[in-house]
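The values are calculated or read from the model by the stated rules, or taken from the named source; none is laboratory data. Everything quoted here is computed from the prediction, not taken from an experiment. Neighbour counts run over all protein chains shown; Cβ positions are idealised from the backbone, glycine included.
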Amino acid sequence: MAKAEPSSEVSASTSPGSRPAIEAKNIGRRYGDVAAVDDFSFGVAPGEFFALLGPNGAGKSTLLHMLTTIIPPTSGTGSVMGFDIVKESSEVRWTLGMVFQDPAVDDRLTARENLHIHAVLYGIPRKQRSEAIDRAIEWASLTETGKRRVATFSGGMKRRLELARALMHGPRVLFLDEPTIGLDPQGRRNLWERISTLRSEGMTVFMTTHNLPEAEACDRVGIMDRGKLVEVGPPHELIEKHGGSENANLEDVFINLTGRQLRDEVATARDRLVSFGKKGGEHTR
Amino acid sequence: MTDDVIGRAPSSAPVTIHRARGAIVPSVVFVMWRRELLRFARDRSQIFGALSRTILWLIILGYGLGVALREVEGYPYAVYVLPGVIVLNVLYASLQSAISLVWDKNVGLLREVLVSPAPVLSVTLGKLFGGATVAVIQGSIPLLFLPIVTTDVEYRDVGFGEQVGDWLEGFGEALADIAVIDIFAAWGVMFLLGVTMTSLGVFIASRMRTFEGFGAISNGVIQPLYFLSGSIFPLRGAVGGTGFSQIPAELRVELRRVGVRVASGMWFVTLPWWLQALVFANPVSYVLDLLRYILLDFEQLPLWADYTVTFTLPLLAVVVAAFAMRRMLRPR
């Protein structure tokens with residue numbers, strides 16, 4: 001994996017001249033007294049590959065959900081491809097592709113049926129649907145298994161399916177929430193190669209990750225902690241600035257900036273549901 | 001894993017997107033409806049549940065208690081409970097379909113719907129119509145038993161073969177008695193109740209953060225609605241049969257004091273006032289009453305009330321469900 005040239009046009013906030021693909025200005029989201037995201041400003045240039053790092057509970061998911069219009073910000077503004085995430089949220093929705101942290105697929109449906117739902121939701125005309133589905137299936141290397149129920153798929157297959165699905169409607173910005181989590185090294189490598197091909201095709205990619213080698217391969221990295229942007233820049237610059245030693249890596253930067261303290265979180269509603277399901281929960285799936 | 005060549009991304013091929021405006025996009029409604037049906041078709045436990053409920057309530061309770069009660073307003077007990085069992089299946093099917101949203105929004109496909117530009121109302125309608133269609137399918141299982149329970153056979157002291165012959169003859173007559181139009185009307189009522197109950201389920205699901213079993217819904221929502229709808233006991237009316245004619249006069253007086261009038265071998269029963277109030281307050285009672293009127297030509301409540309509740313409730317329910325889905329899909 002070659003490290004890409006750092007893009008110099010876009011600074012931490014906005015840069016005059018070029019319109020950023022993703023932009024946030026003093027964006028914030030409060031839950032009662034707690035600020036999950038606090039006065040956060042940054043920009044991602046078109047075609048840039050941006051990774052957001054941060055410990056658990058840093059506010060990465062909240063930021064991602066605001067940028068993808070799932071939840072509205074309580075302060076500040078944001079835009080995707082120039083569309084305001086609040087006022088023009090449906091434009092934003094058509095412009096972006098999203099892959100969630102864990103599979104957002106219907107296990108009882110086949111891969112093709114899942115893709116068909118996506119095609120309809122995004123208004124791909126009837127005549128083009130089956131071709132679009134074929135293309136996605138082929139790209140995800142699921143030609144043999146396209147008519148099998150997703151319940152029989154491995155984690156890697158589901159992730160490929162979701163990535164292909166997120167691309168079906170021709171998005172210009174891709175949001176990935178910890179895309180390689182839970183995959184074996186082969187699956188991780190394969191998915192990463194797919195993401196890299198997108199990059200060479202000019203796609204803007206914004207991802208959150210805990211995998212530091214992957215983040216090092218990105219154009220720029222933002223480090224987030226306690227709802228705030230702690231540092232942002234190309235990986236090598238961050239390592240020079242905050243690494244501390246000669247052969248430091250991004251992990252050292254991360255620990256130096258966010259501390260060694262463990263970030264234990266209580267189980268979310270989703271965690272509890274998943275564990276209930278794993279125990280053989282009834283009438284659920 | 002084989003080393004596969006990664007081709008050009010699906011996003012690089014030109015797709016024209018048809019950006020539908022407006023809250024109701026028929027293709028979205030249809031695809032969400034179809035999804036519900038596919039999910040149902042691939043879950044054998046749901047069909048098994050519907051079958052076992054029908055056998056327990058209609059056959060086991062219907063014939064078991066029917067021996068003691070004999071008749072309700074002249075209808076054999078198994079016939080009397082049949083519309084109630086249809087309603088029970090509709091309640092289960094609709095609520096199960098709706099409660100699956102809790103799972104769906106946390107770990108399922110709903111999050112994909114969440115970031116899509118599809119209008120919430122279309123997604124909601126697809127869900128409601130899907131749940132209601134599954135409810136009609138499950139409600140049709142007891143309906144299949146209608147000719148069996150309405151088969152009227154006079155007992156004759158003849159050989160087994162002839163008894164079977166008598167029964168088959170009675171079955172033929174019962175089958176011929178069923179009007180096709182009534183079946184369609186019954187499906188219509190089931191569908192409307194299905195929409196209402198799926199909406200109720202959507203509302204409940206939107207308030208549930210996590211899910212640890214369907215038991216609470218079953219015991220806390222379905223069973224009260226079922227038991228308090230006059231499904232297994234009449235509000236008032238003649239219960240019994242010819243065998244009750246030898247009741248002594250003193251016992252008649254005593255029975256009258258507790259609300260049971262006995263005349264010509266029948267018991268006339270009235271529910272205690274508080275139980276009556278609960279049955280009247282339960283909207284399902286009216287829908288069930290209409291269903292019983294369609295299938296058995298027998299009603300216990302004013303028909304105008306039955307029609308009003310059956311037709312207006314789904315409309316209100318859709319509005320409630322749409323707001324609940326909005327709350328789930330577009331949090332503030």
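Points to keep in mind about this one:
- Hey, A:ALA51 crowded, with 24+ Cβ neighbours inside 10 Å, closer than 29 Å to B:PHE30 by Cα and either polar (S, T, N, Q) or in contact (Cβ under 8 Å) with a residue 12 or more places away in the chain (or both) or not: no
- Pairs with Cβ under 8 Å, 6+ apart, first in the stretch A:191-210 and closer than 11 Å to A:PRO179 by Cα, second among the hydroxyl-bearing types (Ser, Thr, Tyr) and modelled with pLDDT under 85: A:LEU191/A:THR180; A:TRP192/A:THR180; A:THR209/A:THR180
- Residue in the stretch A:208-219 that is among the acidic types (Asp, Glu) and either closer than 14 Å to A:ILE22 by Cβ or touching a Leu at 6+ places or on another chain (Cβ under 7 Å) (or both) present: yes
- Meets criteria (more than 8 Å from every other protein chain (Cβ to nearest Cβ) and in contact with a strand residue (DSSP E or B) (Cβ under 9 Å, 6 or more places away or on another chain)) for A:ARG159: yes
- Selection from the stretch A:136-158 of residues that are part of a helix (DSSP H, G or I) and closer than 24 Å to A:ILE124 by Cα: A:ALA136, A:ILE137, A:GLU138, A:TRP139, A:VAL150, A:MET157, A:LYS158
- Flag if A:LEU183 is modelled with pLDDT under 80 and either touching a Phe, Trp or Tyr at 6+ places or on another chain (Cβ under 8 Å) or over 19 Å from A:ILE22 (Cα atoms) (or both): no
To keep it simple, each residue is scored yes or no on (1) at pLDDT 90 or above; (2) of a type in the set (Val, Ile, Thr).
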| residue | (1), (2) |
| --- | --- |
| A:ALA166 | yes, no |
| A:PRO171 | yes, no |
| A:LEU176 | yes, no |
| A:ARG189 | no, no |
| A:SER196 | no, no |
| A:VAL205 | yes, yes |
| A:THR208 | yes, yes |
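- Taken as a whole, the structure places B:ALA41 among residues that are of a type in the set (Gly, Ala, Ser) and surrounded by fewer than 20 Cβ atoms within 10 Å (Cβ to Cβ).
- Complete set of residues in the stretch A:200-210 that are in contact with an Asp or Glu (Cβ under 9 Å, 6 or more places away or on another chain) and either within 13 Å of chain B (Cβ to nearest Cβ) or buried (at least 19 other Cβ atoms within 10 Å of the Cβ) (or both): A:THR204, A:VAL205, A:PHE206, A:MET207, A:THR208, A:THR209
- Of everything listed in (1) crowded, with 17+ Cβ neighbours inside 10 Å; (2) in contact with a strand residue (DSSP E or B) (Cβ under 7 Å, 6 or more places away or on another chain); (3) β-branched (Val, Ile, Thr); (4) touching a residue at least 24 places away in the same chain (Cβ under 8 Å), the single unmet condition for A:THR74 is (1).
- When the residues of the stretch A:231-256 are filtered to those that are surrounded by fewer than 17 Cβ atoms within 10 Å (Cβ to Cβ) and in contact (Cβ under 8 Å) with a residue 24 or more places away in the chain, the one that is farthest from A:GLY182 (Cα to Cα) is A:GLU237.
Conditions tested, residue by residue: (1) at pLDDT 85 or above; (2) away from every other protein chain (no Cβ under 11 Å); (3) touching a His at 6+ places or on another chain (Cβ under 7 Å); (4) surrounded by fewer than 22 Cβ atoms within 10 Å (Cβ to Cβ).
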{"site": "B:ILE60", "(1), (2), (3), (4)": "yes, yes, no, yes"}
{"site": "B:LEU65", "(1), (2), (3), (4)": "no, yes, no, yes"}
{"site": "B:ARG70", "(1), (2), (3), (4)": "no, yes, no, yes"}
{"site": "B:VAL85", "(1), (2), (3), (4)": "yes, yes, no, no"}
{"site": "B:ALA93", "(1), (2), (3), (4)": "yes, yes, no, no"}
{"site": "B:LEU109", "(1), (2), (3), (4)": "yes, no, no, no"}
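- Total residues in the stretch B:150-165, condition at pLDDT 85 or above and surrounded by 14 or more Cβ atoms within 10 Å (Cβ to Cβ): 1
- Subset of the stretch A:98-113 [closer than 19 Å to A:GLY155 by Cβ and more than 7 Å from every other protein chain (Cβ to nearest Cβ)]: A:VAL99, A:GLN101, A:PRO103, A:ASP107, A:THR110, A:ALA111
- Among residues of the stretch B:140-154, those that are closer than 23 Å to B:LEU193 by Cβ and hydroxyl-bearing (Ser, Thr, Tyr), counted: 2
- All conditions in (1) touching a residue at least 12 places away in the same chain (Cβ under 8 Å); (2) within 11 Å of chain B (Cβ to nearest Cβ); (3) not in a loop (DSSP other than H, G, I, E, B) hold for A:THR62, with the sole exception of (2).
- Residue check for A:GLU237: over 30 Å from B:ILE47 (Cβ atoms), more than 22 Å from the chain's Cα centre (by Cα) and either modelled with pLDDT of 85 or more or within 14 Å of chain B (Cβ to nearest Cβ) (or both): yes
- Looking only at the stretch A:129-150, residues that are within 8 Å of chain B (Cβ to nearest Cβ) and more than 25 Å from B:GLU36 (Cβ to Cβ) come to 4 in all.
- The sole residue among A:ARG194, A:ARG165 that is at the interface with chain B (Cβ under 10 Å from one of its Cβ atoms), closer than 18 Å to B:VAL113 by Cβ and either in contact with a Cys (Cβ under 9 Å, 6 or more places away or on another chain) or of a type in the set (Lys, Arg) (or both) is A:ARG165.
- Looking only at residues in the stretch A:146-193 that are crowded, with 21+ Cβ neighbours inside 10 Å and of a type in the set (Lys, Arg), the one that is nearest to the chain's Cα centre (by Cα) is A:ARG159.
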